[in-house]
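*Asks:* Below is one structure. I have some questions about it.
The values are calculated or read from the model by the stated rules, or taken from the named source; none is laboratory data. In this text the structure is predicted, and so the values were computed from the model without any measurement. Please note: Cβ atoms are built from the backbone with ideal geometry, for glycine as well, and neighbour counts cover all protein chains shown.
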Amino acid sequence: MSNNRRNFLKQTALLSFGAITSSVLGTEGSQQLIALESQLEVANASSVNFSLPALPYSPDALEPFIDKTTMEIHHGKHHNAYVDNLNKALATKNNQLKLEGLLVTISSYEKTVRNNAGGHYNHSLFWELMRPTTGSSNMPEGKILEALNNSFGSFESFKTQFTECALKRFGSGWAWLYAEGRQLKIGSTPNQDNPLMNDAEIKGAPLLALDVWEHAYYLKYQNKRADYITNWWNVVNWNKVTALFSNL
Ligand code: MN3
């Protein structure tokens, strides 16, 4: 890749990411620019190589809601393939952008990069957005609960709207809670697209993600996506959602 093209991609990445994260890019100080750059680009690397993150819990930890075999195949085979194929697709491009940097400039890349960069980002986030059930009712608290109440009427109404959105996504894709500026929204994307992609159907900062590809639920739930979603609410990691919300 030529230096000119790389610089163009980097500038585009900085501007898009700044807009998405409501950063004050361009309004003051080089410190913020440097901080933003470090989120998107690896300095002086010959080429960025992506790797599969370990699951933050054992594969059977989400039982009985998400079964062990599904987790093993989903993480060890599907997610691993996105990482391998992303590295292969970028092998000759001397890529210096981190994953977020690729996503906010994704319209500049071919479909293979798009699908696999999206797949890697979405799944890395998805694992962290779940946790073993605590036994009690799984509810958000504090500012995120307040924001959900304000945006969707109530927590129950938020769950209903998010569930409907996830059910309506035809074929493979994802349902999202995301922030467009300070506004919380619900939406879905096809395939492995996500709201960080500069040409996605919905754009913003992801806060909660649900994988509705059949590979996420078919072994246990077969065609019953609705049952999968109902049970998934038990393992949502609201601490992670709260942390993402606090970073806005
Ligand atoms: Mn998946």
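Quick grid of which residues meet (1) within 20 Å of SER188 (Cα to Cα); (2) outside any helix (DSSP H, G or I):
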| position | (1), (2) |
| --- | --- |
| SER46 | no, yes |
| HIS78 | no, no |
| VAL83 | no, no |
| SER107 | yes, no |
| GLY135 | no, yes |
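*Asks:* For the stretch 87-102, check the following and say yes or no: at least one residue is on the phi > 0 side of the Ramachandran plot and either within 13 Å of the ligand (Cβ to nearest atom) or not aliphatic (A, V, I, L, M) (or both).
*Replies:* Scanning the stretch 87-102 turns up at least one residue that is on the phi > 0 side of the Ramachandran plot and either within 13 Å of the ligand (Cβ to nearest atom) or not aliphatic (A, V, I, L, M) (or both).
*Asks:* Another question, if that's okay. Report yes if some residue within the stretch 208-221 is out of contact with any Lys or Arg (no Cβ under 6 Å at 6 or more places or on another chain) and either at positive phi or away from the ligand (no atom under 16 Å from the Cβ) (or both); otherwise report no.
*Replies:* No: the stretch 208-221 contains no residue that is out of contact with any Lys or Arg (no Cβ under 6 Å at 6 or more places or on another chain) and either at positive phi or away from the ligand (no atom under 16 Å from the Cβ) (or both).
*Asks:* Quick test of your reading of the structure: GLN192 fulfils all but one of (1) in contact (Cβ under 8 Å) with a residue 40 or more places away in the chain; (2) in a loop (DSSP other than H, G, I, E, B); (3) surrounded by fewer than 19 Cβ atoms within 10 Å (Cβ to Cβ). Name the failing condition by number.
*Replies:* It is condition (3) that GLN192 fails.
*Asks:* Now a separate question. Pick from the stretch 109-155 the residues that are of a type in the set (A, V, I, L, M) and within 16 Å of the ligand (Cβ to nearest atom): which of them is surrounded by the fewest Cβ atoms within 10 Å (Cβ to Cβ)?
*Replies:* Taking the candidates together, the pick is LEU125.
*Asks:* Shifting gears a bit: Does GLY204 qualify as being more than 16 Å from the ligand (Cβ to nearest atom) and at pLDDT below 95?
*Replies:* Considered against the rule, which asks whether it is more than 16 Å from the ligand (Cβ to nearest atom) and at pLDDT below 95, GLY204 comes out as no.
*Asks:* With the condition kept exactly as written, say whether any residue in the stretch 161-174 is within 14 Å of the chain's Cα centre (by Cα) and within 16 Å of the ligand (Cβ to nearest atom).
*Replies:* Yes: one or more hits.
*Asks:* Return yes when LEU184 is of a type outside the set (Val, Ile, Thr) and under 18 Å from MET130 (Cα atoms) and no when it is not.
*Replies:* Spelling it out, it is not the case that LEU184 is of a type outside the set (Val, Ile, Thr) and under 18 Å from MET130 (Cα atoms).
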